[in-house]
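A.B. asks: Shown below is the structure under consideration.
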Amino acid sequence: MNQSMSETILPTSFFQRSTELVAQELLGKLIFSTLDNAYIVVRIVETEAYGDEHDAASHAAFGKKKRNDAMFGPVGHTYVYLSYGIHFCLNIVARESGVTSGGVLIRAVEPLKGLQTIHKRRGSVEGFNLTNGPGKVGQALGLGLAHNHIPLFCQNSPLTVTTDPHCSSSSIIKSTRIGISRNVHAPWRFYLKDNQWVTPKR
DNA sequence: CACCCGATTATCT
DNA sequence: GATAATCGGGTGT
């Protein structure tokens with residue numbers, strides 16, 4: 001058991017709703033990781049929704065392939081992909097019933113526990129740069145392709161997502177997604193207002 | 001099969 | 001601001 005009594009693991013029904021809604025509702029939730037014998041807790045502060053074949057910016061836009069098959073699989077599972085040949089990025093599969101595919105990219109988190117391990121994995125990086133980007137999140141959590149297709153709703157899973165009873169509610173800012181060239185106008189990026197851990201502007 | 005480029009980041013200048 | 005690192009999919013030959 002990773003989490004204490006007051007934190008509740010999100011059930012599969014949480015992820016069985018529209019990808020955009022789940023992306024917003026995941027803000028403020030906690031990710032518990034026991035991967036690689038390390039105990040890490042982070043709070044989600046920035047997400048992006050990626051849809052089915054109708055969303056040209058989504059990996060699912062060209063249909064189901066070996067790389068992206070998790071997006072077509074059961075909701076509440078991980079979709080981990082290799083970005084730019086270097087970075088492992090974490091998505092949570094979410095979609096309403098009747099939709100073929102969809103996932104929520106975890107773009108940034110606020111580290112709460114396991115700072116020593118995160119520092120070790122992130123190297124010489126300091127401060128907000130520890131986890132204020134999707135590739136940084138993957139590295140901090142110790143993710144690799146081996147962690148694709150992992151269920152997030154099981155007590156004994158190395159990765160779980162829970163409520164955060166101690167987190168005060170913050171305003172959600174809605175904007176366009178980062179780093180894409182297609183379907184650029186869809187307002188499917190969400191982050192907590194005034195949170196220091198969101199991706200900095202370039 | 002070759003070429004292009006991406007849901008990125010660290011490290012230069 | 002610019003660029004390298006690095007790999008897998010898309011596109012066209």
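A.B. asks: Report the far tail of the P(r) of chain A, meaning the percent of Cα-Cα pairs longer than 20 Å.
C.D. replies: 52
A.B. asks: Name the aspartates and glutamates eligible as straight-distance cross-link partners of A:LYS65: C-alpha to C-alpha under 17 Å, and not fewer than 8 places from it in the same chain.
C.D. replies: A:ASP52, A:GLU53, A:ASP55
A.B. asks: Using amide H atoms built in the peptide plane, which far-off residues or other-chain residues are under 5 Å from A:CYS154 H to H?
C.D. replies: For A:CYS154, no residues qualify.
A.B. asks: Please find, in a Gaussian network model of chain A (springs between Cα atoms separated by less than 10 Å), the residue of A:GLY28, A:GLY127, A:GLY103 whose mean-square fluctuation is greatest.
C.D. replies: A:GLY127
A.B. asks: Still on this model: So what's the back-of-envelope 222 nm ellipticity for chain A, counting only DSSP H runs of four-plus at -39500 (n - 2.57) apiece and dividing by all residues, rounded to 500?
C.D. replies: Only helices count here, giving -3500 deg cm²/dmol.
A.B. asks: Would you kindly state the longest site-free stretch of chain A, with sites defined as chymotrypsin sites (Phe, Trp or Tyr not before Pro) in a DSSP loop (not H, G, I, E, B) surrounded by at most 16 other Cβ atoms within 10 Å?
C.D. replies: Longest stretch, sites excluded: A:85-202.
A.B. asks: If I build a Gaussian network model for chain A, linking alpha-carbon pairs within less than 10 angstrom, which residue out of A:ILE178, A:ILE31, A:ILE44 has the largest mean-square fluctuation?
C.D. replies: A:ILE178
A.B. asks: A further question follows. Within segment A:13-76, report the trypsin sites (Lys or Arg not before Pro) that DSSP leaves as loop and that have at most 14 other Cβ atoms within 10 Å.
C.D. replies: When the trypsin sites (Lys or Arg not before Pro) of segment A:13-76 are filtered for loop state and at most 14 Cβ neighbours within 10 Å, A:LYS65, A:LYS66, A:ARG67 remain.
A.B. asks: Quick check: the distance between the Cα centres of segment A:126-202 and segment A:84-118, to the nearest angstrom?
C.D. replies: If we compute the Cα centre of each part, the gap is 6 Å.
A.B. asks: Below 14 angstrom from the Cβ of A:GLY127, what's the summed charge of the other residues (Lys, Arg +1; Asp, Glu -1)?
C.D. replies: 0
A.B. asks: Less than 13 Å apart at the alpha-carbon level, and either on another chain or at least 8 residues along: which aspartates and glutamates does that give for A:LYS193?
C.D. replies: A:GLU46
Where a number appears in this text, it was derived from the coordinates with a stated rule and is not lab data. Being a predicted model, the structure only gives us computed values, none of them experimental. Please note: Cβ atoms are built from the backbone with ideal geometry, for glycine as well, and neighbour counts cover all protein chains shown.
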